[in-house]
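*Asks:* Below is the structure I would like to discuss, written out as structure tokens.
The values are calculated or read from the model by the stated rules, or taken from the named source; none is laboratory data. Everything numeric here is computed off the predicted structure, so don't read it as measured data. When we count neighbours, we look across all protein chains shown, and the Cβ atoms used for this are built from the backbone with ideal geometry, even at glycine.
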Amino acid sequence: MKKKIFKGVGRRKQSIAQVALTKGTGKITVNGVDVREFFPYETNVLDLKQPLVLTQTAESVNLDIKVSGGGFNGQAGAARLGIARALLEYDSVNEDSEESFRKLLKKAGFLTRDDRKKERKKPGLKKARKAPQFSKR
């Protein structure tokens with residue numbers, strides 16, 4: 001019998017993450033590589049796992065994540081949103097109950113997309129807001 005796959009897409013800055021969630025043993029792969037090998041910092045891995053820890057599903061589901069674009073922090077944030085959305089689909093049976101994943105994830109802020117992006121550079125400035133040093137004479 002074929003395993004049921006629950007999908008979620010997450011975006012952050014320039015990064016896009018496609019998450020496929022299946023029942024399993026807690027294995028997480030990112031672009032075909034183990035999550036700890038892919039992300040260079042432990043904080044990225046912890047950030048990515050927050051929805052799983054909150055819903056207590058870290059040891060009962062496997063995740064296959066495909067990320068593209070942006071840097072490591074943006075990719076971890078995109079994956080976190082994708083995981084949260086996949087968990088909603090996984091828990092769609094219990095939506096009305098008091099302990100539904102939706103209520104937990106919503107309260108923690110994991111279902112909100114962080115839409116902040118890099119501000120564009122303005123003419124006459126060094127970066128978006130940094131101006132050259134002012135000289136009176």
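*Asks:* Taking the residues in region 27-62 that are among the hydroxyl-bearing types (Ser, Thr, Tyr) and outside any helix (DSSP H, G or I) as candidates, determine which candidate is surrounded by the fewest Cβ atoms within 10 Å (Cβ to Cβ). Write out each step before concluding.
*Replies:* From region 27-62, those among the hydroxyl-bearing types (Ser, Thr, Tyr) are 29, 41, 43, 55, 57, 60; that's our starting set.
After this cut, where a residue has to be outside any helix (DSSP H, G or I) as well, the list is 29, 41, 57, 60.
Details: 29: 16, 41: 11, 57: 18, 60: 13.
The extreme case among them is 41.
*Asks:* If you scan region 102-123, which residues turn out to be part of a helix (DSSP H, G or I) and not hydrophobic (A, V, I, L, M, F, W, C)?
*Replies:* Looking only at region 102-123, we keep the residues that are part of a helix (DSSP H, G or I), and these are 102-108.
Hits for region 102-123 are 102, 103, 106, 107.
*Asks:* Among the residues in region 29-42, are any acidic (Asp, Glu) and either within 11 Å of the chain's Cα centre (by Cα) or under 18 Å from residue 114 (Cα atoms) (or both)? Step through it out loud before you land on a result.
*Replies:* The initial filter retains those residues of region 29-42 that are acidic (Asp, Glu), namely 34, 37, 42.
Then drop every residue that is not either within 11 Å of the chain's Cα centre (by Cα) or under 18 Å from residue 114 (Cα atoms) (or both), which leaves none.
For region 29-42, residues acidic (Asp, Glu) and either within 11 Å of the chain's Cα centre (by Cα) or under 18 Å from residue 114 (Cα atoms) (or both): absent.
*Asks:* Out of curiosity, is residue 87 part of a helix (DSSP H, G or I) and within 18 Å of residue 43 (Cα to Cα)? Let's see the steps before the verdict.
*Replies:* On the way: part of a helix (DSSP H, G or I): yes; within 18 Å of residue 43 (Cα to Cα): no.
Spelling it out, it is not the case that residue 87 is part of a helix (DSSP H, G or I) and within 18 Å of residue 43 (Cα to Cα).
*Asks:* Would you be able to say whether some residue in region 64-76 is touching a strand residue (DSSP E or B) at 6+ places or on another chain (Cβ under 8 Å), farther than 15 Å from residue 11 by Cβ and of a type in the set (Val, Ile, Thr)?
*Replies:* Checked region 64-76: no residue is touching a strand residue (DSSP E or B) at 6+ places or on another chain (Cβ under 8 Å), farther than 15 Å from residue 11 by Cβ and of a type in the set (Val, Ile, Thr).
*Asks:* Please give the number of the condition residue 116 fails out of (1) over 17 Å from residue 5 (Cβ atoms); (2) surrounded by 12 or more Cβ atoms within 10 Å (Cβ to Cβ).
*Replies:* The failed condition is (2).
*Asks:* Take the residues of region 105-137 that are out of contact with any helix residue (DSSP H, G or I) (no Cβ under 9 Å at 6 or more places or on another chain) and touching a residue at least 24 places away in the same chain (Cβ under 8 Å): which is farthest from residue 55 (Cα to Cα)?
*Replies:* 118
*Asks:* Would you confirm whether or not region 91-101 contains a residue that is outside any loop (DSSP other than H, G, I, E, B), in contact (Cβ under 8 Å) with a residue 12 or more places away in the chain and surrounded by 12 or more Cβ atoms within 10 Å (Cβ to Cβ)? Reasoning before the result, please.
*Replies:* Taking region 91-101 and keeping what is outside any loop (DSSP other than H, G, I, E, B), we get 92-94, 101.
Of the ones still in play, those that are also in contact (Cβ under 8 Å) with a residue 12 or more places away in the chain are 101.
Subset that is surrounded by 12 or more Cβ atoms within 10 Å (Cβ to Cβ): 101.
Yes: one or more hits.
*Asks:* Which residue out of 9, 19, 67 is hydrophobic (A, V, I, L, M, F, W, C), surrounded by fewer than 19 Cβ atoms within 10 Å (Cβ to Cβ) and at pLDDT 95 or above? Spell out the reasoning first.
*Replies:* Working: 19 fails: surrounded by fewer than 19 Cβ atoms within 10 Å (Cβ to Cβ); 67 fails: surrounded by fewer than 19 Cβ atoms within 10 Å (Cβ to Cβ).
Exactly one of 9, 19, 67 is hydrophobic (A, V, I, L, M, F, W, C), surrounded by fewer than 19 Cβ atoms within 10 Å (Cβ to Cβ) and at pLDDT 95 or above, namely 9.
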